[in-house]
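A short worksheet on the structure shown next.
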Amino acid sequence: MLIRKIEIYKSPIRLKEPFIISLGSVYHAENIIVVIRTDEEISGFGECNPFRTINGESIDTCFVVGEYLGHALAGKDPLDIEACHSLMDKTIFGNSSIKSAFDIALYDIASRNAGLPLYAFLGGEKKRDLITDYTVSLGSPEKMAEDAAKIVANGFQVIKVKLGNIGTNDVGRVKKIHERIGSDIPLRIDANQGWSRDEAVSTLKQLKDYNIQFCEEPIPRWDFMNLPGIRLKNLIPVMADESCCDHHDAERLIRIKAADYFNVKLGKSSGIYKALKIVRLAEKAGMQMQVGGFLESRLGFTASAHLALCSDNIKFCDFDTPLMLQDDPVTGGITYGPRGEVYVPESPGTGATVDEKYLKTLTCSTIDV
């Protein structure tokens, strides 16, 4: 089997409401869709959401770099995913987001060719339910409490709370949410690198009695050497996110005992191939993980959901952002239940494609063999 055609599409989708974190506000999911077509009439679909402040990519850089990668992979064997990754890394350093879109499309082809749903192709099983949280964007305590109450009313069992804008103010935000929804709904807090070390220790100490499951990336990613000291305070479990992009980061963080959990995202790891390396390292270290993402549509998150079924150590899911998009161009893919359940398709591959009529409306670059 050989790659005969690659299509790269710009797919911006407006959000229902602004998505606000400590790193800034987002109004559109500026996604890239990659379609890889083979000479055996099997096509694979992949997607990424470049996040400028986290992986240093944009929809425009991904479109250009995607052409580099497309020319490099054209005519190659899509089933040799290791070789394809090696070729992508030799073509250009970094650019993990756009590489993840190619990676997902390759795995879609490989699992379709094998006649297996992706999770089974990866060695996973459907032994448990996947439950997503739903996120409260950063804002005033009153607005965040109101949003949290709506999330509870909509049936979600876990709430993720964006923080990282002055620790003392963040404490007030969580308290207001707690007053509004009570203590039965667990919270997951995410500072997105917004606190200093001392601020993180002080803030987590004040929040330790608010039924918080963990805190994602409390301090700047470059300051990861201070994560062990924060963790040793035994305040709230620490989850490494921005500081854990690929398996090299994971190995380093495990060595210094920097985190209790890892947040695995395909857009950080360059896709499934390297994400699995993180998973195996975490399993060996006895660490639990969350699988999350950025602002991908159900296309990208379907691949993430398949990954989440590949390890008993993956305990948490953060798959809510497709529900925040105004439009849904995806056919098939994951579906959502009334209490945040996430259902993974059983069809071969990821089970997700994109409506061809929608694709024709998008800016496209095509690489033919």
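What pairs from 10/143; 76/274; 90/268; 277/315 go past 23 Å between their alpha carbons?
Values: 10/143 33 Å; 76/274 20 Å; 90/268 18 Å; 277/315 17 Å.
Check vs 23 Å cut-off fails for 10/143.
Exceeding 31 Å between C-alpha atoms, which entries from my cross-link table qualify? They are 162/357; 16/176; 99/175. Don't jump to the answer; show the numbers that get you there.
Details: 162/357 36 Å; 16/176 24 Å; 99/175 40 Å.
Over 31 Å Cα-Cα: 162/357; 99/175.
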What ranking do 119, 27 get, fewest neighbouring Cβ atoms within 10 angstrom at the top?
27, 119
GNM, the chain, Cα, under 10 Å: largest mean-square fluctuation among 112, 298, 128?
128
State, in angstrom, two size descriptors of region 4-153 derived from its alpha carbons: Rg to one decimal place and Dmax to the nearest whole number.
18.4, 56
Could I have the simple spin-label model distance between residue 89 and residue 255, label points 7 Å from Cα toward Cβ, reported in nm to one decimal?
1.6
For a quick check, take a GNM of the chain with Cα springs below 10 Å and name the residue from 154, 263, 95 with the largest mean-square fluctuation.
154
Two pseudo-spin positions, 7 Å from Cα along C-beta at residue 116 and at residue 285, lie apart in nanometres by 2.7
Counted neighbours (other Cβ, 10 Å), sorted fewest up, put 174, 64, 279 in the order 64, 174, 279
Shape metrics for the chain, restricted to C-alpha atoms - Rg then Dmax, Å
19.8, 61
Dipole magnitude of region 120-352, debye to nearest 20 (Cβ charges: Lys/Arg +1, Asp/Glu -1, about Cα centre):
560
Over the chain, with a Gaussian network built from C-alpha contacts below 10 Å, which listed residue (168, 302, 132) shows the highest mean-square fluctuation?
168
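With runs of 4+ DSSP H residues as the only contributors, calculate the mean residue ellipticity of the chain at 222 nm using -39,500 (n - 2.57) per run, divided by the residue total and rounded to the nearest 500.
Working: 14 runs with 139 residues, N = 369.
Using -39500 (n - 2.57) per qualifying helix, the result is -11000 deg cm²/dmol.
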Taking R0 as 51 Å, what FRET efficiency do you get between residue 5 and residue 146 from their Cβ-Cβ distance, rounded to the nearest 0.05?
0.60
For the chain, whose charge dipole is built from +1 on Lys and Arg Cβ atoms and -1 on Asp and Glu Cβ atoms, the candidate among 352, 56, 46 with its Cα farthest towards the positive end is 56
Residue order, fewest to most surrounding Cβ atoms within 10 angstrom, among 195, 222
222, 195
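Apply the membrane-span-like helix rule to the chain: whole DSSP H runs, Cα extent along the own long axis of at least 30 Å, mean Kyte-Doolittle hydropathy at least 0.5. List the helices found.
Numbers: long enough: none.
Membrane-span-like by this rule: not one helix.
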Please report Rg (one decimal) and Dmax (integer) in Å for the Cα set of region 1-88.
15.2, 46
If a paramagnetic tag sat 7 Å from the Cα of residue 61 along the Cα-Cβ line, which residues of region 82-113 would have the backbone N under 13 Å from that point?
93-99
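Where a number appears in this text, it was derived from the coordinates with a stated rule and is not lab data. Computed from a predicted structure; not experimentally measured. Quick reminder, even Gly has a Cβ in these numbers, built from the backbone with ideal geometry, and neighbours come from all protein chains shown.
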